[in-house]
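The values are calculated or read from the model by the stated rules, or taken from the named source; none is laboratory data. Since this is a predicted model, take the numbers as computed values, not measurements. Heads up, the Cβs are rebuilt from the backbone with ideal geometry, glycines too, and the neighbour counts pull from every protein chain shown.
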Amino acid sequence: MSDYPHSLLEFQQRFPDERACADYLIKTRWPDGFVCPACGSVKAWALETKAFTFECAGCHKQTSVTAGTIMHGSKLSLTVWFWAAYLMSSHSNGISALQLQKQLGLGSYKSAWFLVAKLRLAMVAPGRSPLKGLVEADETIFPCRGKDDPVAGGGGRSAQGKLLIAGAVEVRDGKPGRIRLIEIKDFSATSLHAFLADNLAKDATAKTDGWAAYPGAKDVKHEPHVVGPMAADIVLPWIHRVFANFKTWALGVYHGLRRAHIQTYLNEFVFRFNRRSNRHAGFATLLAIGLDHEPVTYNMLITPEAQA
Ligand SMILES: [Zn+2]
């Protein structure tokens, strides 16, 4: 997909109002013309009384362009959604809910937080392809914040603690390619093998620090480098740099992370890292995945179990 604005100016000119945003969504969602989600009919008319809504000529079901998507039922305007998607995807460090609330003049922190949290869910493409070739894999510990989040609410439940994160990065011609970061519950062989199986292609080669839990992962070739703890960043320079960048980002943008939402932040970091060479394309990807994503309620987002 190459149909996206390449600069802030282009973005402003292209999406000045609700109509422009809706047209973009309609074209992205139904590239070959409207298809009724209820009956599959392609005959429909646009309603004049309801914004950006089609009525099916077959079953008469009315479908708005955001129905059944991550934007479903949102009270925010499409232009706010577009600005948020643009700022989140194109800014090299992303943007926190608080920053977004101020930038877009949103009435409440809660609605800004909800908007950011929903877009973050659209940062994992369904069916994304696993990492290939030579892949550095390692694990790290990240301290998590126990302070109450003003909105997420699970106040006091998570005491000051530690998050365990497994990471992997493709290495092509000595340079980093795509990455994955996943929260794991422990550093056991079961957890680490599951991480490799889920994120590496069958013929990939995992390069690790030789931690005893790595060898034996099914279908993954293994290249262990047994080293002392001080030297791991020399053997696995790229994954260590990724971990360091993630920590700097989490502290700088979010002032630390809370356990309840850790995977969504990891996903956001991965999304931006994997699109670092073309951030503007990330905007189109984000909206496209969002259109494909089922509706999300506030409760689904604030309940950690909903992240599973
Ligand atoms: Zn229909």
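Of the set (1) of a type outside the set (Asp, Glu); (2) crowded, with 20+ Cβ neighbours inside 10 Å; (3) not in a helix (DSSP H, G or I), all apply to residue 295 but (2). Take residue 252 and tell me if it is in a loop (DSSP other than H, G, I, E, B), at pLDDT below 90 and small (Gly, Ala, Ser). Here the answer is no, as residue 252 does not meet what is asked. The requirement of being polar (S, T, N, Q), buried (at least 20 other Cβ atoms within 10 Å of the Cβ) and closer than 30 Å to residue 252 by Cβ is satisfied by residue 90.
For the stretch 47-70, indicate whether the set of residues that are touching a residue at least 60 places away in the same chain (Cβ under 8 Å) and farther than 17 Å from residue 284 by Cα is non-empty. Yes. Selection within the stretch 93-139: residues that are in contact (Cβ under 8 Å) with a residue 60 or more places away in the chain and out of contact with any helix residue (DSSP H, G or I) (no Cβ under 9 Å at 6 or more places or on another chain). The member of this set that is surrounded by the most Cβ atoms within 10 Å (Cβ to Cβ) is 134. With respect to the conditions (1) under 21 Å from residue 173 (Cα atoms); (2) more than 18 Å from the chain's Cα centre (by Cα); (3) at pLDDT below 90, residue 239 falls short on a single one, namely (3). All conditions in (1) more than 20 Å from the chain's Cα centre (by Cα); (2) crowded, with 17+ Cβ neighbours inside 10 Å hold for residue 73, with the sole exception of (2).
Among the residues of the stretch 252-283 satisfying the criterion of being in the same structural domain as residue 199 (by TED's automatic domain parsing) and among the aliphatic types (A, V, I, L, M), which is surrounded by the fewest Cβ atoms within 10 Å (Cβ to Cβ)? Per the stated criteria, the residue is 253.
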